[in-house]
Amino acid sequence: TLMAQSQQLEAALRSYGTDGRVLNARAAEVIADLEDRIALVDAGIAHETDRDGPSSDLVSLWQNRVELMDALVNAHVTRVSYIGF
């Protein structure tokens, strides 16, 4: 379930793209921080996946990833503005 939620959030994030959008410095900082945190969680998921047997840590990492991805999608939706010419 968590993996499916993560995939849905990834798809939502891809649908926003970046064409014609401008971020203020604070929004860019928040987005970069979230992306860095997701990368760390992904590394943890890869590490736990390589281990033998199921791990409760793996479930926790996936939950954390879903929460971070949700925050990232929200950051793009609420902090990004279109510039029309």
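Ordering 9-16, 55-62 by mean Cβ neighbour count within 10 Å, with the highest value first, yields 55-62, 9-16. For segment 57-62, 3J(HN,Hα) computed residue by residue from phi via the Karplus equation (6.51, -1.76, 1.60; θ = phi - 60°) reads 5, 5, 4, 4, 5, 5 Hz, glycine and proline entered as x. Phi-derived couplings, Karplus 6.51 cos²θ - 1.76 cosθ + 1.60 at θ = phi - 60°, listed residue by residue for segment 37-50: 5, 5, 4, 5, 5, 4, 5, x, 5, 4, 5, 5, 5, 6 Hz, with x used for Gly and Pro. Figure note: 69, 3 ranked by solvent-accessible area, largest first, 1.4 Å probe, ligands and nucleic acids not counted: 3, 69.
The values are calculated or read from the model by the stated rules, or taken from the named source; none is laboratory data. The structure displayed is predicted, hence computed values, not measured ones. Glycine gets a Cβ as well: all are built from the backbone with ideal geometry, and neighbour counts include every protein chain shown. Accessible surface areas use protein heavy atoms only, side chains included; no ligands, DNA or RNA. Shrake-Rupley method; radii C 1.70, N 1.55, O 1.52, S 1.80 Å.
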